Amino acid sequence: MMQDAADAELIREYKTSGSLDVLAALYQRYMNLVYGVCLKYFDEDASKDAVMQIFEELIGKLKLHEVQNFKSWLHVLARNHCLMKLRAMKNKEGRQISVDEYPIMENGETAHHDNGISLEDNLRSMEKCMETLPEEQKRSVDLFYLQEKSYREVCVITGYDMNKVKSYIQNGKRNLKICMEKQHA
């Protein structure tokens, strides 16, 4: 029965009942996707561990978020989990991570040329550049990329209309990229 249910039905059921069996049935569909994402960042053993950690993260996060497209949302959650884990490893080991290993924007596009800039430098640079954005762009980019809100959620939170939100995010992303490239030129 659960195998045949649509993602949205299973999400609704999980949010209502809190049943981990329902969540497990949903997660099972995309476990290979999550594992594939993790393999981009880690070896096989670390990827298997990350798949389990992401499931644990999912238990709480799915209750908090309005998810329209579970597969896409889970992909972003998995990628962000891996990136945060890499960041923690870097902080612990002091290891340098090339920019190509750390795609800052959703489509995997890197914000700079690969010139050995450390992850921490990239994050500091991004934080400084975020402060230079006009308030509407800064708020929209923060909500959309860093807090993983949907366009609709950004509209509700900010009160901006949909076209404005899309424009603020697109222009904010472009301005961030330009600012960060200037800082590392």
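The values are calculated or read from the model by the stated rules, or taken from the named source; none is laboratory data. All values derive from a computational prediction rather than experimental measurement. All Cβ positions, even for glycine, are placed from backbone atoms using ideal geometry, and neighbour counts span all protein chains on display. Ligands, DNA and RNA are excluded from the accessible area calculation, which covers all protein heavy atoms including side chains. Shrake-Rupley method; radii C 1.70, N 1.55, O 1.52, S 1.80 Å.
Once all protein chains are placed together, Glu57 keeps about 50 Å² accessible to a 1.4 angstrom probe. In terms of distances greater than 20 angstrom between alpha carbons, the cross-link table entries Lys71/Lys149; Lys71/Lys173; Lys138/Lys166 yield Lys71/Lys173. Beyond 12 Å, what share of the Cα-Cα pairs of the stretch 46-95 remains, rounded to the nearest whole percent? Cα-Cα pairs of the stretch 46-95 separated by over 12 Å account for 68 percent. Projected over all directions and averaged, the alpha-carbon convex hull of the stretch 19-82 occupies 3.9 nm². In this simple spin-label model, placing a label point 7 Å from the Cα along the Cα-to-Cβ direction at both Gln28 and Met52 gives a separation of 1.9 nm. Here Ile59 sits with roughly 50 square angstrom of accessible surface, probe radius 1.4 Å. Accessible area ranking (1.4 Å probe, heavy atoms, ligands and nucleic acids excluded), largest first, for Cys155, Cys82: Cys155, Cys82. A simple spin-label model places the labels of Ile178 and Asn163 2.2 nm from each other, with each point 7 Å out along Cα-to-Cβ.
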